Structure formats: structure tokens, C-alpha cells
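The values are calculated or read from the model by the stated rules, or taken from the named source; none is laboratory data. Fair warning: this is a prediction, and the values are worked out from it, not measured in the lab. Cβ sites come from the backbone with ideal geometry, for glycine too, and all protein chains shown count toward neighbours. All accessible areas refer to the heavy atoms of the entire protein, side chains included, with ligands and DNA or RNA removed. Shrake-Rupley method; radii C 1.70, N 1.55, O 1.52, S 1.80 Å.
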Amino acid sequence: MSATRPITPADWKRIEEALAGRFGSEKLMCDGYKLTISREQEKNKLVLVVYVNGVWKGEWLTNDCEERRRFFCRSERRLFSKARVEKNMAGMGKRQKEKFIAEMGLDKTMAFYMPVWSSFTALRRHLVKNNKEILVLQPEYVVVSGAGTSDQRILSEHATLREAINSEDVRYEMGDVMKRLPDGTLTTKF
């Protein structure tokens, strides 16, 4: 189990920088939901994809539910493009067009939700607005250089002991594996 702590502005900046590259993944806890934000490629662009408790379900796209409201990006599209409506009503007067559009519902929009975000800032604002408590998940195992000294610093963080032991920092004898306790302190006893 990873340790958690309330998110800070510095954490938001670190997360944004971690997700700014080609690949990346960050984990948060939002009101009891485990959120994974992953940088992925969609068609020809990079986007942020949100997974709730490790998955995203198709039913969240169509059914109104907590997961959709809290974490998914809402978009609106016109049912009929403005250009198409104008083209089909060529030759009508302005008042006649407005009346026809209103009667036929040609100006209606459709809202839909997707777990895909193109902007980290928009995602962050949405999470802050729709969740009361946002916590940072801290990996349970860390590789540390200078363990137990005043020069102690974290080289890398890992979710499992196996990942930590197999990391390059340990293989090249650059650091020691330590376990992060729930209060955030590090220990070699585990």
C-alpha cells in the first residue's frame, strides 16, 4: 500500500512536468477513487487519459455516474454544422431562417464525455472543482543514495520491492532500497 498525503502546488507542477513528455503516468487519490493519469498517443497527438481504479468503462460514457462527472472531459457538438444548415437554407430571409432553425431544432447540441484530456490545466481545474480531497500517492519503495546521512537523497521511486531491487540504481550499487512508511519517513526495516 502506497503512502498518501494532501496535494500541494509543487506537486501539481511536478505532475504537469512529468506528464509533459512523450510518456508518463501519475497516480492520485480523489475522494477514495484511485486515479491514474497517463500520457498516451491518440491518432496523431498526445493526450492525457484518465483511468479510475485502474480502468475506464464504456458505460461511464453513456450513463450519468460519479466517475463520469468527477473525472471525464465534457464536450459539446452541434447536431448539424452551422455551414451545413446555412447551405441548405440558402435563399431564405434572415427571419425565416431563424424561425425554421428554431422549429426544426437545427441549433441543438449534444453533450458527451470522454476520459481524454488535451490540456493538463483543464484536467487539474476539473479535479479541484469536482473533488473535495485530492491526495498524492507516494510509491512504497525508494532507492536512496547516502542512506542515513545528511546527504540522503531519493534517486528513484517504485511501486514494488521487485522493481526497486531491479532498478539500475541498485544494480550499479549507486543506492539502497528503503521502504516509505505511511507517515512519509523512510526505513530499511521491512
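As a fraction of the 1.4 Å probe accessible area of the chain, surface on carbon and sulfur atoms comes out at 50 percent.
Here's the list of aspartates and glutamates a cross-link from residue 108 could span, going by alpha-carbon distance under 14 Å and ignoring same-chain residues fewer than 8 apart: 76, 98.
Farthest towards the positive end of the charge dipole of segment 1-92, among the residues 28, 89, 48, is the Cα of 89, using unit charges on the Cβ of Lys, Arg, Asp and Glu. Taking Cα atoms only, the orientation of helix 9-18 departs from the longest principal axis of the chain by about 80 degrees. Computed from label points 7 Å out along Cα-Cβ, the spacing between residue 66 and residue 23 is 3.3 nm. Panel note: the C-alpha atoms of segment 130-190, placed on their principal axes, show extents of 44, 25, 19 Å (largest first).
If R0 is 25 Å, what FRET efficiency do you get for residue 159 and residue 41 from their C-beta distance, rounded to 0.05? Could you put the intermediate results ahead of the total?
Numbers: r = 23 Å, r/R0 = 0.93.
Given R0 = 25 Å and the Cβ-Cβ separation, E is 0.60.
Give the accessible surface of the chain per residue, rounded to a whole number of Å², with probe radius 1.4 Å and ligands, DNA and RNA excluded. For the chain, the per-residue accessible area is 66 Å². Using θ = phi - 60° in the Karplus curve 6.51 cos²θ - 1.76 cosθ + 1.60, the 3J(HN,Hα) couplings for segment 32-45 round to x, 8, 8, 10, 10, 9, 10, 8, 9, 9, 10, 6, 10, 9 Hz; x is entered for Gly and Pro.
Please state the charge dipole magnitude for segment 1-64, taken about the Cα centre, from unit charges on C-beta atoms (+1 on K and R, -1 on D and E), reported in debye and rounded to the nearest 20.
On the way: 10 positive and 9 negative charges, 50 e Å.
The dipole of segment 1-64 has a size of about 240 debye.
Roughly speaking, what is the stretch gain from residue 152 to residue 51, that is 0.36 nm per residue apart minus the C-alpha to C-alpha distance, in nm to one decimal?
Details: separation 101, 0.36 × 101 = 36.36 nm, distance 3.40 nm.
Net length gain for the segment: 33.0 nm.
The calculated FRET efficiency for residue 187 paired with residue 75, based on their beta-carbon distance and R0 = 35 Å, is about 0.15. For segment 103-117, the Karplus equation 6.51 cos²θ - 1.76 cosθ + 1.60, evaluated at θ = phi - 60°, returns couplings of 5, 8, x, 6, 9, 6, 10, 10, 9, 9, 10, 9, x, 10, 10 Hz by residue, with Gly and Pro reported as x. Rounded to the nearest 20, the size of the Cβ-charge dipole of segment 57-139 about its Cα centre is 380 debye, with Lys and Arg at +1 and Asp and Glu at -1.
Relative to the longest principal axis of the Cα atoms of the chain, the long axis of helix 120-130 lies at roughly 90 degrees. Listed by chain and number, the lysines placed with their C-alpha closer than 20 angstrom to that of residue 189 are 179; residues fewer than eight positions away on the same chain are left out.
Translational diffusion of segment 1-138 was estimated from the Stokes-Einstein equation, with Rh taken as the Kirkwood radius over Cα pairs; at 25 °C and 0.890 mPa s the coefficient is 141 µm²/s.
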